[in-house]
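Undergrad: Here it is, the structure in full.
The values are calculated or read from the model by the stated rules, or taken from the named source; none is laboratory data. What you are looking at is a predicted structure, and each value in this text was computed from that prediction instead of being measured. Cβ sites come from the backbone with ideal geometry, for glycine too, and all protein chains shown count toward neighbours. Surface accessibility is based on the protein's heavy atoms, side chains included, excluding ligands, DNA and RNA. Shrake-Rupley method; radii C 1.70, N 1.55, O 1.52, S 1.80 Å.
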Amino acid sequence: MRRVKVGVIGSGGIFQGAHLPAYPNIAEAQLAAICDISEEALKAAKRKVEETYQARIQEAEKEGDGETAERLKDDIKELKEYLSFSEMLSREELDLVDICTPTKFHSSIAIEALRSDVNVMCEKPMARTYIECLEVVEAVEDSKKFYQHNENWLYNPIWYNAKKIIESGAIGELQLIFLAAAHGGPEWASWFWDLDVAGGGALLDNGVHAITCSWFLCGFDKKPVVVKAAEPYGISIRMKTRFIQGMFRPFEVEDDAHVLIRFEDGDGRWITAHVEGSWAHRDSMETAMIGTNGEIRPENRDEQTYLVVSDAKGGKREFNLGVVKWTRGFAGEIRNMCNCILNNVRPICDERIGAETTAIVQAAYLSQKRGKKPVTLDEFKKYALEIRDREGDRAPDVLLKDLLQGVVKNDFY
């Protein structure tokens, strides 16, 4: 069996907490190398890899699965560590780079890998700005390699099964989606709250889950056309200070965002999505996918997740999905990308989806700046490209600071 040789760049939280646990269970993937600019972080990651793989080896041996145990033992022996990404690319014959760094470095690393003739999958968001996304799109086109925008929600049983139900026609024609990505905030790491490094706050980091997933539920054949910062909250800073890495400090990025998105197809039909990206917990409507004659709602009971499908006559059906952990979709996205490479098939969630998702986020910032007025994607793109043409290499930073001027502090109280 041919396997995909993977090199990981960025050995911190998202790698150790979500990607790493998946790798031992993906026969198609060989974790061949890990890279981090911090020697301390790299050593810690190597220990975590060894612990994770040894646990899976012991489990395989108990199950009598000697083939898996031997494969993982060989992988551990062959695993290399690098402090330089360029050195990793030059020394290792990689098929795929898995980018798990802070957002600021996503685009430059992706471009370097693509120009080195290596496929790329990159953690969301694709980049800080739409302008940086376009540079990656160009590199993908030039290299003829594959790029996957890693959105783990697409492989989560909740959303994958909801999409199957929608496509079955069980709720009629899909009309409206309420979808929130909300929690208390990533206060364990300061870079999330730094505009230069993160490119934005809760909407760009957390809200992209709900944006891409709502588009997936509508169908990627639909096109996002209009974005609006939603009344009354819009995109805002809810708290004055946060306890970030052990100290109360102010911050400049949004910790709450409510956005409306209109998706259309070529026949003039449309679906509206209300998404929330929040580090101040959810305060939007309960998650629901509403059609012309029914709706789907996820419910949690006794640690089990159900999809409840209601029809216009009051009938209900329930689908028990069991225990659905937040990490559940990561194995699916990694396995999907490996099999796309092995079978020469373009990923469903590619560079176009990643770039348009970032465009939606930044169009929402522009809507907020303009007093929560609707902004078409074409309007936003013209706005961004004018800044690119005028500012050159400074354009991404200029665009960031320009758009975030509209983020308000508690103006709804």
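Undergrad: Would you check which residues across the stretch 41-53 are in contact with a helix residue (DSSP H, G or I) (Cβ under 8 Å, 6 or more places away or on another chain) and either open to solvent by 40 Å² or more (accessible area, probe 1.4 Å) or more than 28 Å from PRO102 (Cα to Cα) (or both) and list them?
TA: Matches in the stretch 41-53: LYS48, GLU50.
Undergrad: Return the only residue of THR287, THR241 being polar (S, T, N, Q), at pLDDT below 95 and more than 18 Å from PRO374 (Cα to Cα).
TA: Being polar (S, T, N, Q), at pLDDT below 95 and more than 18 Å from PRO374 (Cα to Cα) holds for just one of THR287, THR241, which is THR241.
Undergrad: Here is a list: GLN30, GLN58. Which entry is under 26 Å from TRP326 (Cα atoms), surrounded by fewer than 15 Cβ atoms within 10 Å (Cβ to Cβ) and at pLDDT 95 or above?
TA: Checking each option against the conditions leaves just GLN58.
Undergrad: Could you list all residues from the stretch 188-209 that are surrounded by fewer than 22 Cβ atoms within 10 Å (Cβ to Cβ) and either basic (Lys, Arg) or out of contact with any Leu (no Cβ under 7 Å at 6 or more places or on another chain) (or both)?
TA: Passing the criteria: TRP188, ALA189, SER190, TRP191, ASP194, ASP196, VAL197.
Undergrad: Among the numbered criteria (1) over 25 Å from ASP205 (Cβ atoms); (2) touching a helix residue (DSSP H, G or I) at 6+ places or on another chain (Cβ under 8 Å); (3) touching a residue at least 12 places away in the same chain (Cβ under 8 Å); (4) not hydrophobic (A, V, I, L, M, F, W, C), which single criterion is violated by SER11?
TA: (1)
Undergrad: For VAL208, are the conditions met, namely being assigned to a helix (DSSP H, G or I) and either touching a Cys at 6+ places or on another chain (Cβ under 8 Å) or farther than 25 Å from TYR155 by Cβ (or both)?
TA: Taking the combined requirement at face value, the residue does not satisfy it.
Undergrad: Just give me the residues in the stretch 14-42 being under 22 Å from GLU93 (Cα atoms) and free of Cβ contacts under 8 Å to residues at least 40 places away in the same chain, in sequence order.
TA: LEU20
Undergrad: Under 7 Å between Cβ atoms, which residue pairs at least 6 apart in sequence (or on different chains) link something in the stretch 224-245 that is of a type in the set (Lys, Arg) with a partner that is open to solvent by less than 10 Å² (accessible area, probe 1.4 Å) and part of a loop (DSSP other than H, G, I, E, B)?
TA: Sorted first by the residue in the stretch 224-245, then by its partner, the pairs are ARG238/ASP255.
Undergrad: Failed condition for HIS258, given (1) open to solvent by 10 Å² or more (accessible area, probe 1.4 Å); (2) over 27 Å from PHE319 (Cα atoms), with all others met?
TA: Failed condition: (1).
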